[in-house]
Structures are given as structure tokens and as C-alpha cells.
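Working notes, beginning with the structure itself.
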Amino acid sequence: MERISISPRNNWQTAVEQLGFGFHTTEIPYWKEDAYYEFSLKEITTIERATQELWGMCLEAVQHVIDHKLYPLFSIPANAIALIEKSWNDDSPAIYGRFDFGYDGQNLKLFEFNADTPTSLFEAGIVQWFWLQDFDKEQDQFNSVHEKLIAYWKYLKPYLHEGPIHFACIKQSLEDLTTVEYIRDCAIQAGLDTKLIFIDDLGWEESNKNFVDLEDQVIKNVFKLYPWEWMVKEPFFENILINQQMHWMEPAWKMILSNKAILPILWELFPKCPYILECYTEAENTLSNYVRKPILSREGANVQIVRDNQIAEQTGGEYGSEGFVCQQRFDTPAFQGKTPVIGSWVIGQEAAGIGIREADSLITSNTSCFIPHLIRN
């Protein structure tokens with residue numbers, strides 16, 4: 001794995017905006033193409049294999065949590081448990097997830113699994129692919145995101161309720177809207193009927209106990225880019241408990257996998273797995289060199305890096321009330337002062353490609369940049 005400096009395309013902003021990528025720059029650049037990461041085929045094979053194996057381990061971990069009623073470790077409210085278990089026992093479909101890896105050239109280690117509302121899918125599947133076509137179309141990427149999304153929507157079609165799939169997100173986020181519209185476009189290409197609705201506009205028909213959209217159409221299938229840990233706190237969650245026939249994607253059982261409390265469970269179940277770092281709840285931690293993470297947080301908030309029991313680096317934020325885990329520290333080498341994290345996608349049960357985000361510090365945050373990649377011939 002190498003970081004290669006290059007010159008950006010002329011008028012690259014116009015090129016990415018034509019793809020629908022409108023949040024490439026905010027106060028600072030998010031998309032950067034003055035460099036790319038280069039991987040050998042052997043490295044890509046390792047990432048693909050790890051992604052596939054970890055997905056299977058995660059499913060075993062969910063079953064373990066359900067069998068042993070470990071919900072308090074996850075700070076999951078009691079009224080959500082039946083919904084989680086029903087969605088698991090019904091084999092409610094999951095579309096996607098993103099494993100975040102650290103890599104030091106020899107060892108690949110799982111930092112966390114973004115299982116419920118992972119973003120950067122559009123950047124990984126579309127934007128970096130079109131960058132490669134302009135940069136050197138003879139090269140390749142680990143990137144079958146687009147094809148696998150369409151294929152999986154086709155696979156799911158017979159299992160969904162009759163009627164459209166409503167695609168939902170919040171109104172205030174261009175990034176979320178872009179991601180949802182991209183996934184929706186893949187569903188359209190798969191031959192499915194779709195509608196866009198904002199989470200704020202979900203309605204409730206009391207007489208028939210149905211969710212409805214702004215045109216009073218009954219909502220039976222929903223893909224939502226809105227975290228379950230937020231949904232359980234919404235007033236409409238009681239209505240979800242009343243109408244449990246809806247298909248929610250991602251399903252309620254993803255509440256287990258999207259929570260960093262799954263990391264100690266994975267370590268307990270698979271301590272010999274080369275990809276899993278030693279990890280404990282904060283109360284059980286015996287490590288002196290570790291990363292302290294809230295079990296529920298976003299964009300690297302409220303993270304501490306601890307060396308010899310001393311805080312070496314930390315971020316602020318509003319998370320942590322539900323508890324923390326302590327994960328063995330794994331030092332990822334910096335490239336030209338940048339620390340990369342490899343985001344590896346699983347779509348429809350299969351490894352599907354990667355995207356790289358890099359930070360000026362050791363902690364990936366909402367100011368970290370997306371950098372394209374290619375496979376070295």
C-alpha cells in the first residue's frame with residue numbers, strides 16, 4: 001500500500017458535480033484527488049477475504065447476543081428487544097455495511113463496523129470509479145459496489161411487500177440525501193418502484209395503524225438512512241412497535257451490529273482471528289495502550305487514544321452516556337502526514353469494494369478526506 005501524489009484533474013469540481021456529488025467541499029475539501037492509494041492484488045485479496053470472514057463472524061455474534069440476552073451491554077431499550085428478535089428470526093434483509101480497517105503493510109485490523117447508516121457509499125461506488133476512468137482506465141479498483149447494489153435489489157424484490165420502497169433520510173443533510181438517492185437509483189435500475197420521503201414527513205394513519213407518506217399512500221417497505229438508536233427515541237417508535245409488518249432496511253437487528261459493544265463480543269468469540277483487536281467494556285478493561293470509544297457515536301467524536309495509561313489524543317463531542325469500550329491500540333503508519341482508514345463494503349452478504357478516508361491526526365473525524373485508490377498491475 002502506497003500513497004502516490006498526483007495533479008488533480010482540470011475542473012475536477014465540475015466533473016464530480018455532474019455525477020451528483022455536491023458536497024465535495026464544505027469549509028474544507030472532503031474529496032481530494034491530489035493523491036491516490038495504490039494496492040497490490042495480494043493486499044486487495046486480503047481485504048476481501050477479511051471482509052467476507054468478518055461478516056460471517058458478525059452474524060454469529062448477533063445470534064450470541066440474542067441467545068444470551070446481552071442487550072444491557074448495548075444500552076438497547078427494553079421495548080426494542082422484541083422488534084430486534086422478530087427481525088432476526090424473520091431473516092429481515094440487510095443491504096450493506098462498512099468495515100473500517102487499519103493496515104500497517106502486514107496486519108489488517110478491524111476498528112469498527114458501520115452497520116446501520118454507513119456513508120461514503122456514493123463516493124466509493126461512483127465518484128472514485130469515474131476518477132479512475134479519467135486518470136487511467138487501464139487500471140482497476142476493488143469496486144463492484146454499483147453492480148452488487150443493483151443485483152441485491154433484484155434479489156430482494158420477491159421478498160418485499162407489494163408497493164413502492166420509500167427511501168428516507170433527514171432534510172438537512174445533502175450527504176445523506178445524495179447517498180439515499182444513489183441507493184434509490186440502484187433500486188430503480190433493478191426494476192423496483194420507489195418514492196423519496198424525509199423522516200420528518202412520515203405520517204401515521206391511526207384507524208388502520210399504518211405509516212403513510214405525504215400523498216396518504218401506505219408505506220410498507222422503507223430504506224432509511226437514519227440510525228436506529230435515534231429512532232428508538234422518536235415518538236413514532238411506538239407506532240413501529242404497533243405495526244411490525246413493515247420492512248425496515250436496515251432491519252432492527254442491525255441495532256446490535258451498529259453498536260461498538262459488539263467489538264468485545266467479537267473478541268470474546270473469536271480471540272484467534274487475525275483481524276480482531278483485543279477489546280473490553282470499560283469496566284473490564286485491563287489494557288494500558290488502547291482506544292476508548294463510546295458504544296454509540298459518530299465521526300470520531302469522544303474518542304481517546306491512551307498510551308501507557310495516559311491520554312495521548314482525544315476528540316470532543318456529545319456522546320458517551322451509554323458507555324465505552326476499550327480496544328487495543330493499533331498503530332497505522334502515516335503517509336505524508338496522513339493517516340488512512342480503509343472502509344471495506346459488504347453488500348448483499350458479499351465483499352464489494354473499498355474507499356479510503358485519511359486524517360491529519362490519528363482519529364478519523366468528520367473533517368477527514370476521501371481519497372481514491374487503484375490496484376497496482
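The values are calculated or read from the model by the stated rules, or taken from the named source; none is laboratory data. Keep in mind that what you see is a predicted model, and the values were worked out from it rather than measured. Neighbour counts run over all protein chains shown; Cβ positions are idealised from the backbone, glycine included.
Quick check on segment 10-37: of everything there that is surrounded by 15 or more Cβ atoms within 10 Å (Cβ to Cβ) and either of a type in the set (K, R) or in contact with a Leu (Cβ under 9 Å, 6 or more places away or on another chain) (or both), which residue is farthest from P372 (Cα to Cα)?
Across segment 10-37, the extreme among qualifying residues is F23.
How about segment 121-140: which of its residues are surrounded by fewer than 21 Cβ atoms within 10 Å (Cβ to Cβ) and in contact with a strand residue (DSSP E or B) (Cβ under 7 Å, 6 or more places away or on another chain)?
W129, L132, Q139, D140
Of the numbered conditions (1) at pLDDT 95 or above; (2) crowded, with 16+ Cβ neighbours inside 10 Å; (3) in a loop (DSSP other than H, G, I, E, B), W248 fails exactly one; give the number of that condition.
In the conditions (1) at pLDDT 95 or above; (2) crowded, with 16+ Cβ neighbours inside 10 Å; (3) in a loop (DSSP other than H, G, I, E, B), W248 misses (3) alone.
Here is a check on your reading of the model: is S87 in contact with a Pro (Cβ under 6 Å, 6 or more places away or on another chain), in the same structural domain as V127 (by TED's automatic domain parsing) and over 21 Å from F130 (Cα atoms)?
yes
Given the options I76, I47, name the one that is crowded, with 20+ Cβ neighbours inside 10 Å, out of contact with any helix residue (DSSP H, G or I) (no Cβ under 9 Å at 6 or more places or on another chain) and in contact (Cβ under 8 Å) with a residue 12 or more places away in the chain.
I47
Among the residues that make up segment 221-228, is at least one of them within 30 Å of T26 (Cβ to Cβ) and either among the hydroxyl-bearing types (S, T, Y) or not assigned by TED's automatic domain parsing to the domain that holds P118 (or both)?
Yes, segment 221-228 has at least one match.
When you scan segment 18-38, do you find a residue that is farther than 26 Å from L362 by Cα and among the β-branched types (V, I, T), even just one?
no
Residue by residue through segment 312-328, note down the ones that are among the charged types (D, E, K, R), surrounded by fewer than 16 Cβ atoms within 10 Å (Cβ to Cβ) and part of a loop (DSSP other than H, G, I, E, B).
Passing the criteria: only E318.
Residues checked against (1) at pLDDT below 95; (2) among the acidic types (D, E); (3) in contact with a Leu (Cβ under 6 Å, 6 or more places away or on another chain); (4) not assigned by TED's automatic domain parsing to the domain that holds D34:
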position: D100; (1), (2), (3), (4): no, yes, no, no
position: F111; (1), (2), (3), (4): no, no, no, no
position: T117; (1), (2), (3), (4): yes, no, yes, no
position: Q189; (1), (2), (3), (4): no, no, no, no
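Please state which one of W228, W253 is surrounded by 21 or more Cβ atoms within 10 Å (Cβ to Cβ) and either in contact with a Phe, Trp or Tyr (Cβ under 6 Å, 6 or more places away or on another chain) or among the basic types (K, R) (or both).
W253
Scan L41, L132, L121, L73 and give me the residue that is more than 16 Å from G355 (Cα to Cα), assigned by TED's automatic domain parsing to the domain that holds P340 and either modelled with pLDDT of 95 or more or under 19 Å from the mean Cα position of the chain (by Cα) (or both).
Criteria check complete, one pass: L73.
Would you call C273 under 20 Å from S344 (Cα atoms) and at pLDDT 95 or above?
yes
Quick grid of which residues meet (1) buried (at least 22 other Cβ atoms within 10 Å of the Cβ); (2) within 20 Å of the chain's Cα centre (by Cα):
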| position | (1), (2) |
| --- | --- |
| R307 | no, no |
| I342 | yes, yes |
| W345 | yes, yes |
| G348 | no, yes |
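Restricting to segment 158-179, give me the number of residues that are more than 22 Å from N243 (Cβ to Cβ) and either in contact (Cβ under 8 Å) with a residue 60 or more places away in the chain or buried (at least 22 other Cβ atoms within 10 Å of the Cβ) (or both).
4
Restricting to segment 18-32, and then to whatever is over 22 Å from the mean Cα position of the chain (by Cα) and at pLDDT below 95, can you tell me which residue is nearest to A334 (Cα to Cα)? Reasoning before the result, please.
Here is the first cut: in segment 18-32, the residues over 22 Å from the mean Cα position of the chain (by Cα) are 18, 27-28.
Narrowing further to those that are at pLDDT below 95: 27-28.
Details: E27: 24, I28: 20 Å.
Here the answer is I28.
Suppose we keep only residues that are in contact with a strand residue (DSSP E or B) (Cβ under 6 Å, 6 or more places away or on another chain) and in a strand (DSSP E or B) within segment 1-28. Which one would you say is farthest from I342 (Cα to Cα)?
S5
What pairs come up if the first residue lies in segment 272-294 and is assigned to a strand (DSSP E or B), the second is aromatic (F, W, Y), and their beta carbons are under 7 Å apart, counting only those six or more places apart or on different chains?
As it stands, the answer is I276/W267; I276/F270; C279/W267; R292/F324; K293/F324; P294/Y319; P294/F324, since those pairs meet every condition given.
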